[in-house]
1. Filter region 62-104 for residues that are in contact with an Asp or Glu (Cβ under 9 Å, 6 or more places away or on another chain) and among the aromatic types (F, W, Y); which is farthest from L41 (Cα to Cα)?
2. Can you tell me which residue is surrounded by the fewest Cβ atoms within 10 Å (Cβ to Cβ) among those in region 6-37 that are modelled with pLDDT of 65 or more and polar (S, T, N, Q)?
3. So which residues in region 87-123 are aliphatic (A, V, I, L, M) and closer than 22 Å to K73 by Cβ?
4. Please tell me if Y99 is surrounded by 15 or more Cβ atoms within 10 Å (Cβ to Cβ), under 13 Å from the mean Cα position of the chain (by Cα), at pLDDT below 95 and among the aromatic types (F, W, Y).
5. Yes or no: T48 more than 12 Å from the chain's Cα centre (by Cα), β-branched (V, I, T) and surrounded by 15 or more Cβ atoms within 10 Å (Cβ to Cβ)?
6. Between a residue in region 45-71 that is farther than 11 Å from N35 by Cβ and any residue that is surrounded by 15 or more Cβ atoms within 10 Å (Cβ to Cβ) and among the aromatic types (F, W, Y), which pairs come within a Cβ distance under 7 Å, given they are 6 or more apart or on different chains?
7. Can we say Y85 is crowded, with 16+ Cβ neighbours inside 10 Å, at pLDDT 95 or above and of a type in the set (F, W, Y)?
8. Hey, among the residues in region 103-122 that are under 10 Å from the mean Cα position of the chain (by Cα) and of a type outside the set (S, T, N, Q), which one's surrounded by the most Cβ atoms within 10 Å (Cβ to Cβ)?
Amino acid sequence: MQFQSMKNYKFFLVMLILMSCFPLKKDGTDIIIENKTNSTLKNITITTSEMVRTIYVDSIDKEKSLTKFLSMKNNKTDGTYIISYEINDITKQVKNGYYTNGGSLNSSIKFIIEKDTTLVKFGKMKIY
């Protein structure tokens with residue numbers, strides 16, 4: 001009986017390792033940017049720490065929002081999301097979130113840009 005349960009344990013462990021390496025590799029995630037300031041955001045870029053793909057947006061007017069899809073097809077490692085933008089001639093950059101094995105853990109990431117802070121909210125966890 002002891003030998004049989006050890007076989008099951010090894011099988012379960014191998015399956016767990018294989019599943020953890022592949023299922024998160026999806027195409028990417030939705031990026032939502034909400035401008036909650038009284039100024040226009042300019043020269044907005046969204047990328048990952050691998051900098052494989054970058055989204056460029058010229059501007060987002062005050063009290064407006066925008067949704068873009070960040071493709072992660074060619075991302076390979078673990079990393080974070082990076083948004084940079086100009087507001088009132090000052091460039092700001094925010095690094096937040098986490099992805100693993102080149103795949104996003106969340107269906108969306110929302111950057112809510114306020115006068116003195118940037119809030120980050122994550123959509124539903126992806127289940128593969």
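1. Y99
2. Among residues in region 6-37 that are modelled with pLDDT of 65 or more and polar (S, T, N, Q), the one surrounded by the fewest Cβ atoms within 10 Å (Cβ to Cβ) is N8.
3. Here is the first cut: in region 87-123, the ones aliphatic (A, V, I, L, M) are 87, 90, 94, 105, 109, 112-113, 119-120.
Passing the criteria: L105, I109.
4. Judged against the criteria, Y99 is a match.
5. Values: more than 12 Å from the chain's Cα centre (by Cα): no; β-branched (V, I, T): yes; surrounded by 15 or more Cβ atoms within 10 Å (Cβ to Cβ): yes.
No.
6. T48/Y81; T48/Y99
7. Working: crowded, with 16+ Cβ neighbours inside 10 Å: yes; at pLDDT 95 or above: yes; of a type in the set (F, W, Y): yes.
Criteria met by Y85.
8. Restricting attention to region 103-122, the residues satisfying the condition of being under 10 Å from the mean Cα position of the chain (by Cα) are 103-110, 122.
Narrowing further to those that are of a type outside the set (S, T, N, Q): 103, 105, 109-110, 122.
Values: G103: 21, L105: 18, I109: 23, K110: 17, F122: 17.
Checked region 103-122; the qualifying residue surrounded by the most Cβ atoms within 10 Å (Cβ to Cβ) is I109.
The values are calculated or read from the model by the stated rules, or taken from the named source; none is laboratory data. What you see is a predicted model; the values in this text were computed from it and never measured. Reconstructed Cβ throughout: ideal geometry from the backbone, glycine too, with neighbour counts over all protein chains shown.
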